[in-house]
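Working notes, beginning with the structure itself.
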Amino acid sequence: MPRSITHGQDEGLVAALCRGDADAFATLVDRHSPAMIRVAMAYVPTRAAAEETVQETWIAVMRGIDGFEGRASLKTWIFRILTNLAMRSGARERRSMPFSALAAAETTTSESSVDPDRFLPARHEHFPGHWVIMPARWPTPEEGLLAGETREVIAAAIAELPPAQRTVIALRDVEGWSAEEVCEALEISAGNQRILLHRARSRVRNAIESYYGAVEEIDYEAITAELMGEKKEEESE
Amino acid sequence: MADEPRDTHSEDLACVAVVELVTDYLEGALPAADARRLERHLATCPGCADYLEQLRAIAGSLKGVTDESFPAEMRDALIADFRDFRNR
């Protein structure tokens, strides 16, 4: 069966690596190390420990490349080595959960994307579950969300995310990976990948919104009173 | 279990439910009938339409927001190691 993932640019590098082409190795290191640091950070407590894990991974790659059989993509193979080493290193420090267990732990708890108090209760007579406090609008510079001070707000919000959420949004939205690549590298289901991504993006949204403040409250009492008034008029007729 | 026909004429979605569906929608993971139902809601609900646009904007604009570059000295040492190891 053909592999489901399009591996892209890496595959041509395998032969070059086996020939001992250092430029090919440098290309690979530059291409994947930032994402590898992000993934390692889910397992180990410090940035320094993450960098060390990435270093160990590259050493394992240079020693093991001759045995790479291409059953998975090169990228997947590298990230499997990384997660195994990161888990071992995490066990020495304080945690040693596979990513899938971390993801499961984060997805089994319920989490509202928006504060439930911003909606009317489910038993509301006229507008059950509808917005009371609408999403606040924020200024979007022409250059995009990252042009101004919002960049720092977003970076801080991502840093504060629970580890599985932080890793998924970093790979998907910051590094630009596809959903399939993330599922494959982290060995999580498509469903859990989406839940983590949704929660992460929602928390980033909430952070931007609270930074810009001013939310608009809808006066349902007035609307309801108006409706009730109409009803009473009908009844009394 | 037999597939029950989806009731496409059932009442409108509540906003509190819509905000939980937007990523599945943006990812193309909602069944077609659910996606149409969501779109009908969005067409009449400015709050949810804004919410969707905000999540779409976030999804599309985080590239490079944080930088996790690998330290240059570690990189260079690895490449030197590679040369030594492969030319042994």
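The values are calculated or read from the model by the stated rules, or taken from the named source; none is laboratory data. If you're wondering where the values come from, they're calculated on a predicted model, not measured in any experiment. Neighbour counts run over all protein chains shown; Cβ positions are idealised from the backbone, glycine included.
Here are the numbers for this structure:
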item	result
In region A:174-211, the residues that are small (Gly, Ala, Ser), under 26 Å from residue A:31 (Cβ atoms) and not in a loop (DSSP other than H, G, I, E, B)	A:179, A:185, A:190, A:200
Check on residue A:102, at pLDDT 90 or above and part of a helix (DSSP H, G or I)	no
Selection within region A:121-152 - surrounded by fewer than 19 Cβ atoms within 10 Å (Cβ to Cβ), farther than 30 Å from residue A:219 by Cα and among the hydrophobic types (A, V, I, L, M, F, W, C)	A:146, A:147
So residue A:69, is it surrounded by fewer than 20 Cβ atoms within 10 Å (Cβ to Cβ), among the charged types (D, E, K, R) and outside any helix (DSSP H, G or I)	yes
Residue check for residue B:29: surrounded by 13 or more Cβ atoms within 10 Å (Cβ to Cβ), under 16 Å from the mean Cα position of the chain (by Cα) and either at pLDDT 90 or above or not aromatic (Phe, Trp, Tyr) (or both)	yes
Scan of region B:42-63 for residues that are at the interface with another protein chain (Cβ under 7 Å from one of its Cβ atoms) and either in a helix (DSSP H, G or I) or at pLDDT below 90 (or both), ordered by number	B:47, B:50, B:51, B:54, B:55, B:57, B:58, B:59, B:61
First in region A:45-64 and among the aliphatic types (A, V, I, L, M), second anywhere and surrounded by fewer than 21 Cβ atoms within 10 Å (Cβ to Cβ) and outside any helix (DSSP H, G or I), Cβ under 9 Å, 6 or more apart	A:50/B:68; A:54/B:70; A:61/A:68
Residue check for residue A:151: basic (Lys, Arg), closer than 22 Å to residue B:67 by Cα and facing chain B (nearest Cβ under 7 Å)	yes
Criterion violated by residue A:41 - all others in (1) facing chain B (nearest Cβ under 9 Å); (2) of a type outside the set (Val, Ile, Thr); (3) over 15 Å from residue A:171 (Cα atoms) satisfied	(3)
Unmet requirement for residue A:79, which otherwise passes all of (1) surrounded by fewer than 20 Cβ atoms within 10 Å (Cβ to Cβ); (2) in a helix (DSSP H, G or I); (3) not basic (Lys, Arg)	(1)
Residue that is surrounded by the fewest Cβ atoms within 10 Å (Cβ to Cβ) [pool: residues in region A:161-187 that are among the acidic types (Asp, Glu) and more than 12 Å from chain B (Cβ to nearest Cβ)]	A:187
Selection within region B:18-41 - away from chain A (no Cβ under 13 Å) and in a helix (DSSP H, G or I)	B:32, B:33, B:34, B:35, B:36, B:37, B:38, B:39, B:40
Residue within region A:111-119 that is of a type in the set (A, V, I, L, M), touching a residue at least 12 places away in the same chain (Cβ under 8 Å), within 19 Å of residue B:78 (Cβ to Cβ) and within 14 Å of another protein chain (Cβ to nearest Cβ) present	no
Close pairs from region A:66-89: first assigned by TED's automatic domain parsing to the domain that holds residue A:12 and among the small types (Gly, Ala, Ser), partner part of a loop (DSSP other than H, G, I, E, B) and surrounded by fewer than 19 Cβ atoms within 10 Å (Cβ to Cβ), Cβ under 8 Å, at least 6 apart	A:72/A:3; A:73/A:3; A:73/A:5; A:73/A:7
Residue match in region A:123-131 (condition: closer than 27 Å to residue A:174 by Cβ and either outside any helix (DSSP H, G or I) or among the polar types (S, T, N, Q) (or both))	no
